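**Q** Sharing a structure with you now.
The values are calculated or read from the model by the stated rules, or taken from the named source; none is laboratory data. Just so it is clear, the structure is predicted and the values come from calculations on it, not from any experiment. Don't worry about glycine lacking a Cβ; one is built from the backbone with ideal geometry, like all the others, and counts go over all protein chains shown. Surface accessibility is based on the protein's heavy atoms, side chains included, excluding ligands, DNA and RNA. Shrake-Rupley method; radii C 1.70, N 1.55, O 1.52, S 1.80 Å.
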Amino acid sequence: MAAGNTVTLEREAELLASVPTGLLINGQWREASDGGTFDVNDPATGDVLSTLASATSQDAVAALDAADAAQAAWARSAPRERSEILRRAFDLVTERAEDFALLMTLEMGKPLAEARGEVAYGAEFLRWFAEETVRDYGRYLTSPEGKNKILVQHKPVGPCLLITPWNFPLAMATRKVAPAVAASCTMVLKPAKLTPLTAQLFAQTMLDAGLPAGVLNVVASASASGISGPLLADPRLRKVSFTGSTPVGKRLMADAAQNVLRTSMDLGGNAPFIVFEDADLDKAVQGAMAAKMRNMGEACTAANRFLVQASVAQEFTAKLAAAMGALTTGRGTAPDSTVGPLIDARARDEVHALVSAAVDAGAVAVTGGAPVDGPGYFYPPTVLANVPNNAEILRTEIFGPVAPITTFSTEEQAIALANASEYGLASYLYTSDYARMFRVAEQIEFGMVGFNAGVISNAAAPFGGVKQSGLGREGGAEGIAEYTTTQYIGIADPHASQGS
Ligand code: NAD
């Protein structure tokens with residue numbers, strides 16, 4: 001289908017019918033061991049889109065059996081072979097971009113234009129790691145006293161459990177699967193039960209690209225802990241890479257400690273969006289729209305607290321409210337939709353509870369603020385002014401299209417407010433002063449800083465947080481290191497006199 005065409009119900013049905021509904025174990029799609037299933041719904045209507053096999057603990061162990069059996073041969077595969085599988089997967093995802101985009105819109109709700117953006121972003125991890133696969137360098141040097149040679153090489157960590165969230169159904173999978181393939185790890189992938197269809201189609205695409213049986217196994221399930229529990233306790237598993245909420249991440253880290261597993265944790269955020277009076281306000285509003293409204297605000301990188309210098313707060317608020325108020329809410333397949341539904345009724349109700357509490361505490365809804373009637377879980381783009389500094393909405397990950405604005409007077413105050421959070425993932429900074437950019441970046445406790453930029457995710461950049469936002473980095477040169485372990489070989493130098 002060409003980009004921009006109206007999506008027909010026949011087209012939706014045809015696409016949904018092409019998505020595998022089973023569990024992928026050792027290269028075969030199969031039923032759950034107990035025949036169990038779960039439904040996947042369209043958040044714009046509440047309708048059932050598809051019914052998938054729901055993996056049991058026994059299926060999870062069967063998936064690990066396959067990953068473990070495939071690991072030794074996969075570790076010996078040539079880097080060029082893995083690189084070309086990833087490159088073919090990039091080409092196939094790009095060829096099937098319209099299918100992936102529509103599938104994400106149907107199961108997750110984001111407007112088609114945004115879903116297309118996620119396909120491009122998600123596919124980029126496949127291309128980036130195709131290139132990194134053949135450039136994972138070790139090193140060789142003479143020890144300082146001259147008695148030994150030091151050889152350092154990278155080996156795959158081993159079988160990995162990859163757990164992904166519902167908000168970026170393709171990119172969160174490619175961001176883990178691509179570096180794991182690059183490092184020659186085998187995998188058990190558990191996608192979120194709210195949006196597993198994209199991962200199912202992606203896994204089939206990896207097989208089509210030539211990935212050997214058993215390297216990637218996929219176990220969607222209605223019971224997340226029924227999958228993670230037995231796998232984290234199994235000594236054959238060597239790593240868990242998780243993207244999701246901080247409370248679940250903490251639980252998984254505690255379980256992972258029993259076998260001293262490697263962990264990568266991409267957890268929640270509470271991004272400050274700081275606007276100084278010397279910023280270009282129109283560009284700041286443009287950046288704010290991207291940082292706030294991407295994915296309807298359902299992103300760990302979403303601007304969660306707008307900290308605006310008092311002298312420009314009124315102007316910034318008016319401009320942001322005008323831009324937010326001009327958006328069109330609707331099912332993501334509708335050509336004019338710029339804001340899709342939230343993921344479910346609970347998410348919508350939690351967003352509204354935060355807005356109501358802020359208004360009760362003295363905030364003013366400049367636009368939005370009232371729930372939308374009708375089918376689907378829509379919430380209107382909302383701007384809150386005069387939000388008190390102790391409001392719950394400034395401490396909680398909103399995960400919705402709501403921009404709370406609060407003010408500051410000095411740079412020191414802005415930095416202190418930004419750092420007053422247990423999270424430290426993304427942050428945004430608008431100023432025309434480069435010296436200030438360096439000063440603030442130096443003092444701000446965040447893994448990522450967008451400087452006059454509202455979108456910072458990029459396959460070539462190390463994505464990740466500090467504090468309770470997580471451990472490890474995805475993407476960039478760092479991404480592959482999450483899936484390798486370092487082995488050092490001390491080699492006696494035959495020409496040196498031998499000692500200890
Ligand atoms: P979630 O923690 O509820 O779920 C994430 C994944 O963990 C899902 O696959 C879910 O099925 C699984 N899960 C849930 N409970 C589990 C358990 N007890 N044991 C094992 N697995 C379990 O998060 P979510 O609602 O899917 O996603 C939203 C959260 O993800 C937000 O907090 C957001 O900030 C975070 N997120 C972080 C990043 C990042 O890169 N830092 C990216 C996207 C989302």
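**Q** Per DSSP H run of at least 4 residues, take -39500 (n - 2.57); add these up for the chain, divide by its residues and hand me the 222 nm value, nearest 500 deg cm²/dmol. Let's see the in-between values first.
**A** On the way: 16 runs with 196 residues, N = 500.
-12000 deg cm²/dmol, from helical runs alone.
**Q** Please report the relative contact order for segment 271-451, taking Cα pairs under 8 Å with a sequence separation of at least 6, and give it as a percent rounded to a whole number. Could the numbers behind the result be given before it?
**A** Details: 349 pairs, mean separation 51.8, N = 181.
Once divided by the residue count of segment 271-451, the mean separation gives 29 percent.
**Q** Still on this model: So what J values fall out for segment 112-126 if you push phi through Karplus, 6.51 cos²θ - 1.76 cosθ + 1.60 with θ = phi - 60°, rounded to Hz, Gly and Pro as x?
**A** 3, 4, 5, 4, 4, x, 5, 4, 5, 5, x, 5, 4, 5, 5
**Q** Now a separate question. If I take every Cα pair under 8 Å that is 6 or more residues apart in segment 165-249, average their sequence separation and divide by the length, what percent do I get for the relative contact order? Kindly include the intermediate steps, with their values, before the conclusion.
**A** Numbers: 68 pairs, mean separation 26.7, N = 85.
About 31 percent, as a whole number.
**Q** Ranked highest first by the average count of other Cβ atoms within 10 Å around their residues, in what order do 248-256, 467-475 fall?
**A** Ranked by mean Cβ neighbours within 10 Å, highest first: 467-475, 248-256.
**Q** Give, as a single signed number, the net charge of other residues whose beta carbon lies under 14 Å from the beta carbon of V134, with Lys and Arg counted +1 and Asp and Glu -1. Walk me through the intermediate numbers first.
**A** Working: positive: R80, R82, R87, R127, R135; negative: E81, E84, E131, E132, D136.
So the environment of V134 carries a net charge of 0.
**Q** With charges set only on the Cβ (+1 for Lys and Arg, -1 for Asp and Glu), what does the dipole of segment 271-451 come to about its Cα centre, in debye to the nearest 20?
**A** Magnitude of the dipole: close to 300 debye.
**Q** From Cα pairs below 8 angstrom and at least 6 apart in sequence, can you work out the relative contact order of segment 1-51, rounded to a whole percent?
**A** On the way: 31 pairs, mean separation 11.7, N = 51.
23 percent.
**Q** Could you look at segment 168-251 and say what percent of its accessible area is carbon and sulfur, using a 1.4 Å probe and all protein chains? Can you show the working numbers first?
**A** Working: 1120 of 1840 Å².
Heavy-atom surface of segment 168-251 belonging to carbon and sulfur, 1.4 Å probe: 61 percent.
**Q** Using the heavy atoms of the protein chains and a 1.4 angstrom probe, tell me the accessible area per residue for the chain in square angstrom. Could the numbers behind the result be given before it?
**A** Working: 19430 Å² over 500 residues.
For the chain, the per-residue accessible area is 39 Å².
**Q** Oh, and also: Averaging over all projection directions, find the projected area of the Cα convex hull of segment 271-451 and quote it in nm² with one decimal place.
**A** Values: hull surface 38.4 nm².
The Cα convex hull of segment 271-451, projected and averaged over all directions, gives 9.6 nm².
**Q** Under the Kirkwood approximation for Rh and a Cα-based Rg, what ratio Rg/Rh is obtained for the chain?
**A** My calculation puts Rg/Rh at 1.00.
**Q** Shifting gears a bit: How do the peptides 41-47, 207-213 rank, highest first, by the average count of neighbouring beta carbon atoms within 10 Å per residue?
**A** Working: 41-47: 18.9, 207-213: 16.6.
Highest mean packing first, the order is 41-47, 207-213.
**Q** Something else about it: Quick one: dipole size for the chain, taken about the Cα centre, charges +1 on Lys/Arg Cβ and -1 on Asp/Glu Cβ, in debye to the nearest 20.
**A** Values: 39 positive and 53 negative charges, 273 e Å.
Charge dipole of the chain: 1300 debye, to the nearest 20.
**Q** Now for a different question. Using the Karplus curve 6.51 cos²θ - 1.76 cosθ + 1.60 with θ = phi - 60°, what ³J(HN,Hα) values do you get for each residue of segment 387-395, in whole Hz, with x for Gly and Pro?
**A** Going residue by residue, I get 6, x, 4, 9, 5, 4, 4, 7, 9 Hz, with x marking Gly and Pro.
**Q** What part of the accessible area of segment 271-451, given as a whole %, is carbon or sulfur when the probe is 1.4 angstrom?
**A** Values: 3620 of 6970 Å².
With neighbouring chains kept in place, the figure for segment 271-451 is 52 percent.
**Q** I've got another one for you. Under 22 Å Cα-Cα from K283, which lysines qualify once same-chain neighbours fewer than 8 residues away are excluded?
**A** K292, K319
**Q** To continue, here is another question. Computed over the Cα atoms, what is the radius of gyration of segment 1-147 divided by 2.2 N^0.38 Å, N being its residue count?
**A** Values: Rg = 20.6 Å, N = 147, 2.2 N^0.38 = 14.7 Å.
For segment 1-147, the normalised Cα radius of gyration is 1.41.
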